[in-house]
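Structure first, commentary second.
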Amino acid sequence: MSDTTPYLGIPGEKSRALLARRQQFVARGVSATMNVFAARAEGAVIEDVDGNRYIDFAGGIGTMNVGHSRPEVVQAIIEQAAKFTHTCFSVMMYEPYVELAERITRLAPGNFPKKAIFFNSGAEAVENAVKIARYATGRPAVIVFDNGFHGRTLLTMSMTAKVKPYKYRFGPYAPEVYRAPFPYPYRMNMTPTQAADACIAELRRMFVGEVAPDQVAALVVEPVQGEGGFMPAPPGFLKMLKALCEEHGILFVADEIQTGFCRTGQMFAVNHDGVEPDLMIIAKSMGAGMPISGVVGRAEVMDAPPPGTLGGTYSGNPVACAAALAVLDIYEREDLAERSRQIGRIAMARFAEFQKQYPIIGDVRGQGGMLAMEIVKDRETKEPDAQAVSDILAAAHQRGLLLINAGMYGNVIRILVPLNVTDEQLNRGLDILEDTLASVAKTIATTVSSAD
Ligand SMILES: Cc1ncc(COP(=O)(O)O)c(C=O)c1O
């Protein structure tokens, strides 16, 4: 497939027809960034039903690190589906589940015996990590962070920070969830180190003012906050959290759902800080889009809940396990962590140029290939500009670049491009982004000056 078609005039006829059917039959609660429908995808390019092509800077929200439609993954899915698609692991077991557990436990950080268990979605894995931690410790409370995102089920929605759209009118929420601040140097007007120290001090205060540490089962943290706006934990922060957990017998749980599998330039983002989580939650890029997630961690913690307490009908489905095994082969064969670091270097250099040129860019940040820019109305006040981000996204889509947003205020543009993107596609995507930024910044400048 070639890469893009300029000024697409989307949605095309076929997408418009599907949109009408979608509006009639699909509940509006499930939203979509783009109003076009996918027909096929390969590597870092998606083609819609009208034949328009997009360089994919969203990667299925961080699911496609190995790239779309990898032949090895497709083949593994076909082969397993032809053998059998389901028995339910809790009824009759199958080898791909066991093999995946073996390989994931070897891959997860930590020089200690580990075990793994598999589920379908990220949220389901987060729920189960909390269940395991509660059973293992006999404690009820969970600590999470400002700007955190952990899913849309009752417990994970309660753990998630953003009110609208995730929580509003969906209460009452699950109890015993306590929220600590997460370092956000840009908005805290601090250096990363100062922000990290301030957050640790506040967590210590919470142990006096809000929840006794001996009642806390787990602290669940995203090493780079995803949905919240791509804030990487400052160097040393995760280590300090881990030390605090150890001091109080709290389990350190890393939510690596968006950061895992080479996205940040390491196999897992906790590797940057050399932290070994007691439990790690994985999903997204482990299955290249097949619904599979998991919890992996210390064997004695994982084995605390007795037989029958964990699982689910489809959990660790054999076709999804086969896909995940093929994905792991790719991670072993190709140095996608290094590729992620390269992507980070290329994109960050361009982001820095953009920031010099366009005052609407308040901050650029990221780790490896997990990159973002924060858009503001004014660099001094840092007032978020979600409208400008919507305009940038829409204009980029028309130019053949698939972009998505993030952030508490919806004013962050995030990049999760498949890591097998070619340099040419990456640079072309960045050119489109620049072109889009220029046109939206110009419109904003014109509107402001005509209002003066
Ligand atoms: C860090 C993190 N945790 C949990 C989830 C929830 O995963 P899922 O949407 O598969 O339930 C997500 C999804 O974006 C995520 O990024």
Open item on the list: Roughly how far apart, in whole Å, are the Cα centres of segment 1-71 and segment 332-393?
Closed with: 23
TODO: Kindly state, to the nearest 0.05, the FRET efficiency for THR422 paired with GLN215, given R0 = 45 Å and r defined as their beta-carbon distance.
DONE: 0.30
TODO: Give me the number: length gained by fully extending ARG152 to ASN271, i.e. 0.36 nm times residue separation minus the C-alpha to C-alpha distance, one decimal in nm.
DONE: 40.1 nm
Open item on the list: Need one value: the accessible area of PHE37 in square angstrom, 1.4 angstrom probe, rounded to the nearest 10.
Closed with: 60
Task: Ellipsoid semi-axes in whole angstrom, largest first, where each is sqrt(5λ) of the Cα gyration tensor of segment 132-202 - done: 25, 18, 8
Task: Mean projected area in nm² (Cα convex hull; one quarter of hull surface) for the chain - done: 22.3
Task: Convex hull volume of segment 32-156 per residue (C-alpha atoms, cubic angstrom) - done: 189
Open item on the list: Are there DSSP H segments in the chain that both extend 15 Å or more along their axis (alpha-carbon positions) and score a mean Kyte-Doolittle hydropathy of at least -0.5? List them, or say none.
Closed with: 71-83, 95-107, 122-137, 192-209, 237-248, 318-333, 386-398, 423-451
TODO: Calculate the all-directions average of the projected area of segment 52-126's alpha-carbon convex hull, and give it in nm².
DONE: 7.6
Task: Overall Cα dimensions of segment 1-99, principal axis frame, Å, largest first - done: 51, 34, 23
Task: Share of alpha-carbon pairs per 5 Å distance bin for segment 242-332, given as whole % - done: 3, 13, 19, 22, 20, 14, 7, 3, 0
Open item on the list: Starting from the 7 Å offset along Cα-to-Cβ, what nm value, one decimal, do you get for the label separation of GLN387 and ARG40?
Closed with: 4.2
Task: Which of ALA212, LEU419, CYS321, positive extreme of dipole for the chain (C-beta unit charges) - done: ALA212
- [ ] In whole Å, largest first, what are the principal axis extents of the Cα atoms in segment 187-278?
- [x] 37, 32, 22
- [ ] For the chain, give the share of DSSP beta bridges that are antiparallel, in percent and rounded to the nearest 5; count only bridges with both residues there.
- [x] 70
Open item on the list: Expected output is a single nm value to one decimal: the length gained when fully extending between ILE346 and ALA451, i.e. 0.36 nm times separation in residues minus the C-alpha distance. What is it?
Closed with: 34.0 nm
Open item on the list: If each DSSP helix of 4+ residues adds -39,500 (n - 2.57) and the sum is divided by the residues in the chain, what number results at 222 nm, nearest 500 deg cm²/dmol?
Closed with: -13000 deg cm²/dmol
- [ ] Give the relative contact order (percent, whole number) for the chain; include only Cα pairs under 8 Å separated by 6+ residues.
- [x] 22
Open item on the list: Quick check: the distance between the Cα centres of segment 205-283 and segment 402-452, to the nearest angstrom?
Closed with: 30
TODO: Sort segment 340-399 into rounded, prolate or oblate with this rule: let a ≥ b ≥ c be the square roots of the eigenvalues of the Cα gyration tensor; rounded if a/c is under 1.5, and if a/c is not under 1.5, prolate when a/b is larger than b/c, oblate otherwise.
DONE: oblate
TODO: Considering the convex hull of the alpha carbon atoms of segment 413-452, report its projected area averaged over all viewing directions, in nm², one decimal.
DONE: 3.1
TODO: Report, in whole Å, the centroid distance computed from the Cα atoms of segment 123-137 and segment 146-190.
DONE: 17
Open item on the list: Keeping all protein chains in place and using 1.4 angstrom, which order do ASP273, ASP56 fall into by accessible surface area, from largest down?
Closed with: ASP273, ASP56
- [ ] Rank these residues by their accessible area, most exposed first, probe 1.4 Å: ARG365, ARG263, ARG53.
- [x] ARG53, ARG365, ARG263
TODO: Under 1.5 on a/c is rounded, so check that first for segment 87-186, then, if it is not, pick prolate when a/b is larger than b/c and oblate when it is not; a ≥ b ≥ c are the square roots of the alpha carbon gyration tensor eigenvalues.
DONE: prolate
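Considering Cα pairs under 8 angstrom that are at least six residues apart, work out the relative contact order of segment 43-132 and quote it in whole percent.
Details: 36 pairs, mean separation 13.3, N = 90.
Across segment 43-132, relative contact order equals 15 percent.
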Task: Rg followed by Dmax, in Å, when segment 287-367 is reduced to its Cα trace - done: 20.1, 59
TODO: Kindly report the accessible area of the chain per residue (heavy atoms of protein chains, probe 1.4 Å, no ligands, DNA or RNA), in Å².
DONE: 42
TODO: Quick one: work out Rg over Rh on the C-alpha atoms of segment 106-256, Rh as Kirkwood radius.
DONE: 0.94
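The values are calculated or read from the model by the stated rules, or taken from the named source; none is laboratory data. All values reported here derive from a predicted model rather than from experimental measurement. All Cβ positions, glycine included, derive from the backbone under ideal geometry; neighbour counts span all protein chains shown. Side chains included, ligands, DNA and RNA excluded: accessible areas come from the protein's heavy atoms. Shrake-Rupley method; radii C 1.70, N 1.55, O 1.52, S 1.80 Å.
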